[in-house]
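Q: So that we are looking at the same thing, I have put the structure below in structure tokens.
The values are calculated or read from the model by the stated rules, or taken from the named source; none is laboratory data. Just so it is clear, the model here is predicted, and its values are computed rather than measured. Neighbour counts run over all protein chains shown; Cβ positions are idealised from the backbone, glycine included.
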Amino acid sequence: MSEGVQIPSAFTPRVFSGIQPSGGLTLGNYLGAIKRFVDMQAEEFETIYCMVDLHAITTWQDPADLRHNTRELCAGFIASGIDPEQSILFNQSQVPEHAQLGWVFNCVARMGWMKRMTQFKDKAGKNAENASLGLFGYPALMAADILVYHATHVPVGEDQKQHLELTRDIATKFNHDFGVDFFPITEPVIEGAATRVMSLRDGSKKMSKSDPSDASRINMTDTADDIAKKIRKAKTDPEPLPSDLDGLAERPEARNLVNIYAALSDQTAEAAMAEVSGKQFGAFKPMLAELAVEKLSPISTEMARLMDDQAEIDRILARGAERAREITAPILAKTYDIVGMVQS
């Protein structure tokens, strides 16, 4: 290792997370990710949030849709409470160090590790031979997204926990291989009543923008009437809500609506259960609809306003990329130095 590399003895508390701009934002994205991003912005962290457009193209994207979705996702971040002055907000492809460190990590990660990634199996399905190499290598790029900032914490849903474990494995192996303590062993942050929001039509499936049924999800661009209508029509069962969470164990649709109510009202699922226990869905659904409209309608209205000035969104993204590169460029340069690459 070059004597010019200075290895940090401690890491700045720093949060990184990102969302793919591969379709419209849903309530699942908001409660499972963005709402927590906003909360972490007020804590003792540097916060860095990204539209991960390089990840989006691991499956084919219409170029016009990708541009629109990236800007709309940025609008969704800001409308939800992310301050682009307080946090760094940008799209991944404007910060080349992500891809550059991603290649280094492709050479650190082992094929056996990648083959164990369950999300690749889920996304590729039975036609894995026709999946893109990018989709297979996605977790190594995700590790680079995180570690190119020396991020110490990442808010993730349960479905991404395996990828963060891989990030930790890559950091550990890199540090071991080169005899350094350069990359942090990033900690996952998994918390909240609705970290995994399920479909309104099938409580066993995650709420998804790719579901063919629009009634299965609440879009962050939905009107107040749309939000209320979807909640009224959400699948439930004929039984009243029980007195405690254990009574929802075999009632996934009911549990999902209680979790959504808890998350939107900033309380634990247990506290929400105490509030609504014994109610029939005919009484509970209007409560949930009113709360959802109150919390979500201002966001959809502000998103529409922001999308009317796309030049301003592009300016925010470009400024965010500049700020991001102030962190990533020296970390990548030190990485190259550690690996032994000659730099001018």
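Q: Would you check which residues across region 289-344 are acidic (Asp, Glu), surrounded by 15 or more Cβ atoms within 10 Å (Cβ to Cβ) and under 24 Å from residue 28 (Cα atoms) and list them?
A: Across region 289-344, the qualifying residue is only 302.
Q: Here is a further query. What is the number of the single condition among (1) crowded, with 18+ Cβ neighbours inside 10 Å; (2) within 21 Å of the chain's Cα centre (by Cα); (3) in contact (Cβ under 8 Å) with a residue 40 or more places away in the chain that residue 261 does not meet?
A: Only one criterion in (1) crowded, with 18+ Cβ neighbours inside 10 Å; (2) within 21 Å of the chain's Cα centre (by Cα); (3) in contact (Cβ under 8 Å) with a residue 40 or more places away in the chain is unmet by residue 261, namely (3).
Q: In addition: Check residue 96 against each of (1) free of Cβ contacts under 8 Å to residues at least 40 places away in the same chain; (2) in contact with a His (Cβ under 6 Å, 6 or more places away or on another chain) and name the one condition it does not meet.
A: Among (1) free of Cβ contacts under 8 Å to residues at least 40 places away in the same chain; (2) in contact with a His (Cβ under 6 Å, 6 or more places away or on another chain), residue 96 violates only (2).
Q: Here is a follow-up. When residue 272 is evaluated against the numbered criteria (1) within 19 Å of residue 25 (Cα to Cα); (2) touching a residue at least 60 places away in the same chain (Cβ under 8 Å), which criterion, by number, is the only one it fails?
A: (1)
Q: Within region 269-289, identify whether any single residue is β-branched (Val, Ile, Thr) and either within 25 Å of the chain's Cα centre (by Cα) or in a loop (DSSP other than H, G, I, E, B) (or both), and answer yes or no. Spell out the reasoning first.
A: Quick first cut of region 269-289, residues β-branched (Val, Ile, Thr) only: 276.
Checking the rest, the ones that are also either within 25 Å of the chain's Cα centre (by Cα) or in a loop (DSSP other than H, G, I, E, B) (or both) come to none.
No, the conditions are met nowhere in region 269-289.
Q: Please work out if residue 184 is in the same structural domain as residue 58 (by TED's automatic domain parsing), touching a Phe, Trp or Tyr at 6+ places or on another chain (Cβ under 7 Å) and closer than 29 Å to residue 294 by Cα.
A: No, not satisfied.
Q: Looking at region 72-88, is at least one residue touching a Phe, Trp or Tyr at 6+ places or on another chain (Cβ under 6 Å) and either among the polar types (S, T, N, Q) or at pLDDT below 95 (or both)?
A: yes
Q: Hey, another quick one. Answer yes or no: is there a residue in region 300-316 that is in contact (Cβ under 8 Å) with a residue 12 or more places away in the chain, part of a helix (DSSP H, G or I), more than 23 Å from residue 94 (Cα to Cα) and among the acidic types (Asp, Glu).
A: Yes: one or more hits.
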